[in-house]
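Have a look at the structure below, then the notes.
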Amino acid sequence: HGIGRSSAAGKIRIGACRVNGTLEVTVQDDGPGLPPDDSGQSGGIGLANTRARLHRLYGDAARLTLANGEHGGAVATMLVPYHAAPDATITHAPDDTDR
């Protein structure tokens, strides 16, 4: 991520939410951000490969963008169709309330 260009320790924030039928995943850093002449579609081989894989899996229903954050840093946003797992169950370790 773009934070690698910073000489000081940085922070990365990861978020995910479902918006209607789409899963939105964001990764934001507090680094220097993108150069002023960057259109947000660059990002090197890693982002290009990720975009290609997303397109192969989801076609035009997926998107990966890179932009400057409102308060500095860079934000990568990935949108993919949301599909719930058909047999998803939540399990947990037993505790005192299970006895």
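The values are calculated or read from the model by the stated rules, or taken from the named source; none is laboratory data. Predicted model only: the values in this text are computed from it and were never measured. Cβ coordinates were reconstructed from backbone atoms using ideal geometry, including for glycine residues, and neighbour counts include every protein chain displayed. These accessible areas exclude ligands, DNA and RNA; they are computed on the full protein's heavy atoms, side chains included. Shrake-Rupley method; radii C 1.70, N 1.55, O 1.52, S 1.80 Å.
Brief remarks on what is shown
- Number of positions in region 52-89 that are among the β-branched types (Val, Ile, Thr), open to solvent by 60 Å² or more (accessible area, probe 1.4 Å) and in contact with a strand residue (DSSP E or B) (Cβ under 9 Å, 6 or more places away or on another chain): 0
- Some residue of region 32-39 being in a helix (DSSP H, G or I) and either closer than 24 Å to GLY10 by Cβ or modelled with pLDDT under 95 (or both): no
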